[in-house]
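Following: one structure in structure tokens, then a few remarks.
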Amino acid sequence: MYELTICHLYPDLLNLYGDRGNIIALTKRCEWRGIRVHSRPVSLGDRFSPDECDILFIGGGQDYEQSIIQDDLLKGKREAIKEAVEAGKVILAVCGGMQLLGRYYRTHDGKDIACIGAVDLWTHGSHDRLIGNLVFECDFLKKDGFDGLVVGFENHSGKTWMGPGVRPMGKVIAGFGNNGEDGFEGAVYKNTYCTYSHGSLLPKNPALADHLITLALKNRYTDFEALPPLDDSLEAAAREAMIRRLTGKQGSGR
Amino acid sequence: MKQRFKLLRFWAAVITAKCAIVILRLFKSGGTSLPGKLALKLYPQILDHLAGLFRVTMITGTNGKTTTSRIVLSMMEQKGLKVITNKSGANLSSGITTTLISALTLGGRPRFSHALLETDEAAFRTLAPRLKPETVIVTNFFRDQLDRYGELHTTVNNVREGISRIPDAVLILNADDSLCASLGRNAPNKVIYFGMGEGIYPESGASINSDAAFCIQCKSRYEYSSVTFGHLGHFRCPSCGYERPHTHVECSGILFYDSLGSHVEISGPDLRISVKLALPGLYNIYNALAGASFGLALGLDEKAIAAALSGFECGFGRMETIAIQDKELKMILVKNPTGFNQVLRYLLTQEKPFVLAFAINDRLADGTDISWLWDVDFEVLALMAERVRNFYVSGIRAEDMAVRLKYAGISTDRIRMEKDYRQLITRALQETGAGETCCILPTYTAMLDIRRILKKQFGLKEFWK
Ligand SMILES: [Zn+2]
């Protein structure tokens, strides 16, 4: 029997916008296939060890909560998280989580706040609020045999940019994406996936959820090949409805 | 001369708004913001002027505003006061302006002595100094429509800023909510705190989605000796000592509790009553406590407070019940995770089988971001799944709700999608047995739409009257 350990970083502080929907989706989609999941909250004062983690989830928090974790994160967990990223652990970082993985966050009054620096991206605060439903297109999902369209909801005032070693996660079809300017959404570095799509990202995009689960299983089990398919008709209906609403076009249904 | 010009403008604005109110009524539209908007255009200071004509009480907070304001109204009625109140949908400056104008005679004189105004949390900062309330009640703070309100601490600070401009107002605050109670710290105002006694409330345990696990003063993790729900409870910060304040009005016992109401003891230095509340849902005890606190501030005696609480019978918050033949249809508004969780806990008390329908919209007034559905503990539905005949999903985001139910462990063959509200009501009622209930849980705009249909089909009365 396959097993995976999913760590949720600061679940009691970085838990905005239904972030836990992503954990629920990963867990259920494993369980439905008989894969045992251990979920482990990693909060203030807890040790984070990359060896004991297959998938790490980092959500977004409100400013107040983010200010609480600052010390614990930068002094206590920074090196371990960098190590996890470099070791190719599967990481999903959403919204504030993506910003935290980057090099710094520059507030609109020009103050730089240091971040983990695990991924070569950075964020500048702005006065605009980039908010609304979002559709973007991911090549790596097309390679998995899907239409590659991912739907989500973004709500951020930070604008994120990335260095040459990092690929965008996808191309924006509708919405703003990383900065509302270059047409890209999210960032991928090794097995670390960052996006501004929060909330029910994974429940509504099962192809993406399965992509992450597959990577994690391949990391851990050399004999693992592929996940058996599930009946995703409800998920497909929810995804399709949003694709139709935002693009006026039909997705391929998967 | 200037004064006369001002009066003229005031009167012109009042007349214009009154005409608009009459015209809107003629067209059977319940529009409450347009007349106020017109008046504010013609005379931007009109609210300050209007507020001077009434003795104002304001109610704000995330959940329970509407119920609390109805309880407060019955307290005022015990005292024989003449009160104008706004409808819950009219809690921004334009709606409040409309409300106050409708309380004037054509000559611009007030027909009521008091105004009881439910106020949007985000609008409170600017409205409080203009309305100069004598009393302010803050129910609680929870995360709510982050796309619209922004971060929770911003909302709390908005209310704090509003309060700092009205040092003479009496504050009635929820002691169990560390965010709400902090409004009374270091404020020059007179404060009345209400809360739940230690260990009185059946505990739900702390949730990882707690909106305030960390001290608002020093950011250390609070310790709780008891939790009621969400982040409400007996909190204490081990590092700076900030803790739940002593209450003046406290629920000291829940003698009885079922799906129709509860029997509670309320006590404090100045009162000790035992009263039956016809308000289902445990969280309504908080609203009753807020109401009792107001009664005290108003100078009512124990008997009058008890009478106001027990005579109160309008269902809860925004729950409406209508009898359809031998069945019952209940509609309960849902708008944020904490409120939704409380409704689910209430449903757990239903003993008979029932049909459960969700109508989720994502229009502006609902919140355009529906991610919050993932913060609701739908997993508790498993505890009542046997009693639920079927699960219906409806509204613009019906598909998303279906996915949420699936991942909460509800078998997909029990989830029915029906986007047409007329069909939804018909199908859901068909499955409801005699003597049973069909529960519809809509978001705000879905509630308005469903209400319109219920009104046409079953003669439900209009709600802006
Ligand atoms: Zn403290």
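Where a number appears in this text, it was derived from the coordinates with a stated rule and is not lab data. In this text, all values refer to a predicted model and were calculated from it rather than measured experimentally. Neighbour counts are summed over all protein chains in view; Cβ atoms, including those assigned to glycine, are modelled from backbone coordinates with ideal geometry.
Here the protein assembly as shown is assigned +1 on the Cβ of each Lys and Arg and -1 on the Cβ of each Asp and Glu. Its dipole about the Cα centre then comes out at about 3120 debye. With N counted as the residues of segment B:29-172, its alpha-carbon radius of gyration over 2.2 N^0.38 Å works out to 1.00. Per-residue 3J(HN,Hα) values for segment A:98-113, derived from phi via the Karplus relation 6.51 cos²θ - 1.76 cosθ + 1.60 with θ = phi - 60°, read 5, 4, 5, 6, x, 7, 7, 10, 9, 5, 5, 8, x, 8, 8, 9 Hz in sequence order (x marks Gly and Pro). Highest mean packing comes first when the peptides A:203-215, B:140-152, B:404-416 are listed by Cβ atoms within 10 Å, giving A:203-215, B:140-152, B:404-416. Counting every alpha-carbon pair across segment A:135-185, the share separated by more than 15 Å comes to 46%.
For the pair segment B:230-304 / segment A:71-103, the C-alpha centres are spaced 45 Å from each other. Rounded to the nearest 500 deg cm²/dmol, what is the calculated helix-only ellipticity per residue at 222 nm for chain B, with -39500 (n - 2.57) per DSSP H run of length n ≥ 4? So the helix-based figure for chain B works out to -10500 deg cm²/dmol. Fewest neighbouring Cβ atoms within 10 Å first, the residues A:HIS8, A:HIS127 line up as A:HIS127, A:HIS8.
Look at the Cα gyration tensor of segment B:218-354: its axes a ≥ b ≥ c give a/c of at least 1.5 with a/b at or below b/c, and that counts as oblate.
Considering only DSSP beta bridges with both partners in chain B, what is the antiparallel share in %, to the nearest 5? Within chain B, antiparallel bridges account for around 40 percent of the total. By other beta-carbon atoms within 10 Å, ranking A:TRP122, B:TRP372 with the fewest at the front produces A:TRP122, B:TRP372.
Within the listed set A:GLY61, A:GLY165, A:GLY88, the Gaussian network model of chain A (springs between alpha-carbon atoms below 10 Å) gives the highest mean-square fluctuation for A:GLY165. Look at where the Cα atoms of segment B:1-65 and of segment B:343-358 average out, and the two centres are 41 Å apart. For segment A:3-228, the square roots a ≥ b ≥ c of the C-alpha gyration tensor eigenvalues yield an a/c of 1.5 or more together with a/b not exceeding b/c, which makes the shape oblate.
The ellipsoid equivalent to the alpha-carbon distribution of segment A:124-228 has semi-axes of 26, 15, 11 angstrom, derived from the gyration tensor eigenvalues as √(5λ) and listed largest first. For the peptides B:356-365, A:39-48, A:146-155, B:73-82, residues were scored by their other Cβ atoms within 10 Å and the scores averaged per peptide; the highest-first order is A:146-155, B:356-365, B:73-82, A:39-48. Legend: residue pairs A:LYS111/A:LYS159; A:LYS190/A:LYS218; A:LYS111/B:LYS219; A:LYS77/A:LYS204; A:LYS171/A:LYS249; B:LYS65/B:LYS335, Cα-Cα distance threshold 19 Å; pairs beyond threshold, A:LYS111/B:LYS219; A:LYS77/A:LYS204. From the Cα gyration tensor of the protein assembly as shown, with a ≥ b ≥ c the square roots of its eigenvalues, which class applies: rounded if a/c is under 1.5, or else prolate if a/b is larger than b/c, or else oblate? It is prolate, given that a/c is not under 1.5 and a/b is the larger ratio. Residue by residue along B:149-159, Cβ atoms of other protein chains within 10 Å of the local Cβ number 2 on average.
For segment A:17-169, the relative contact order comes to 16 percent (Cα pairs under 8 Å, sequence separation of at least 6). A convex hull fitted to the Cα coordinates of chain B yields 142 cubic angstrom per residue.
Taking Cα centroids, how far is segment B:359-410 from segment A:135-170 in Å? Rounded to whole Å, the Cα centres lie 27 Å apart. Here the mean projected area of the convex hull built on the C-alpha positions of segment A:1-128 is 8.1 nm². Packing, as the average of other Cβ atoms within 10 Å across residues, places the peptides B:278-289, A:179-190 in the order B:278-289, A:179-190, highest first. P(r) tail for segment B:94-204: Cα pairs beyond 16 Å make up 64% of the total. An ellipsoid equivalent to segment B:318-458, defined through the eigenvalues of its Cα gyration tensor, has semi-axes of 20, 18, 14 Å when rounded to whole angstrom and sorted largest first.
Between A:ARG167 and B:SER274, the modelled label-to-label distance comes to 7.2 nm, taking each label 7 Å out from Cα in the direction of the beta carbon. Ranking of A:SER197, B:SER262 by neighbouring Cβ atoms within 10 Å, starting from the fewest: B:SER262, A:SER197. Ellipsoid fit via the Cα gyration tensor, segment B:1-81: semi-axes of 28, 19, 12 Å, each the root of five times an eigenvalue, largest first.
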